[in-house]
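Input: a single structure, listed below in structure tokens.
The values are calculated or read from the model by the stated rules, or taken from the named source; none is laboratory data. Here the structure is a predicted model, which means the values were calculated and not measured. Cβ: placed from backbone, ideal geometry, glycine included. Neighbour counts: every protein chain shown. Ligands, DNA and RNA are excluded from the accessible area calculation, which covers all protein heavy atoms including side chains. Shrake-Rupley method; radii C 1.70, N 1.55, O 1.52, S 1.80 Å.
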Amino acid sequence: QVQLVESGGGLVQPGGSLRLSCAASGSIFSMFTMGWYRQAPGSQREQVAIITSTGTTNYADSVRGRVTISRGSARNTVYLQMNSLKPEDTAVYYCRLTAASGVYWGQGTQVTVSS
């Protein structure tokens, strides 16, 4: 079983920055992809950014250039640095880990961008 714990959400003014963290624990073997997804009220969950075990990254068009995903030295930690935040970035942000054993989700962390 794999557990994911997110942190770093909160309230920020437009134009501000936040850094989200996600730590994975449990039975993690071999190669896996980690990513961040978000879901705003009344909307479907969408991919924000992912990073593969080899370091390849992919970003949603809506955040490209404002967001950076990275892995910690321990490989089982992933970060999402978000800059120039906009009100439309307001959502619950979820960490996801995809491995041969399955897909795992964190509990989510709220990000609110408002003045």
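Enumerate by residue number the chymotrypsin sites (Phe, Trp or Tyr not before Pro) in the range 1-77 meeting two conditions: DSSP loop (anything except H, G, I, E, B), and at most 15 other Cβ atoms within 10 Å of the site's Cβ.
Values: sites: Phe29, Phe32, Trp36, Tyr37, Tyr59; in loops: Phe29, Phe32.
Qualifying residues, ordered by number: Phe29.
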Practice task
Roll a 1.4 Å probe over the protein chains and send me the accessible area per residue for the chain in Å².
Solution key: 51 Å²
Exercise for the section: Please report how far the C-alpha centroid of the range 1-42 lies from that of the range 50-69, rounded to the nearest whole angstrom. Expected result: 13 Å
Fill in the blank from the handout: Once phi for every residue in the range 55-64 is put through the Karplus expression 6.51 cos²θ - 1.76 cosθ + 1.60 (θ = phi - 60°), the whole-Hz ³J(HN,Hα) values, with Gly and Pro written as x, are x, 5, 10, 8, 10, 5, 4, 5, 10, 4
Handout entry: Vicinal HN-Hα couplings computed from phi for the range 40-51 (Karplus, 6.51 cos²θ - 1.76 cosθ + 1.60; Hz; Gly/Pro x)
Key = 8, x, x, 10, 7, 5, 10, 6, 9, 7, 9, 9
Fill in the blank from the handout: Heavy-atom accessible area of Arg19, protein chains in place, probe 1.4 angstrom, given in Å² to nearest 10, is 130 Å²
Completion exercise
Listed by chain and number, the residues whose amide H is under 5 Å from that of Phe32, excluding neighbours fewer than 5 places away on the same chain and using placed H, are Ser53
Exercise for the section: Can you send over the carbon and sulfur percentage of the accessible area for the range 6-78, probe radius 1.4 Å, protein chains only? Expected result: 49 percent
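Can you sort Asp61, Asp89 by 1.4 Å-probe accessible area, starting with the largest? List each step's numbers first, then the result.
Working: Asp61 125, Asp89 5 Å².
The ordering from most to least exposed comes out as Asp61, Asp89.
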Problem - Rounded accessible area of Val113 (nearest 10 Å², 1.4 Å probe) - result: 10 Å²
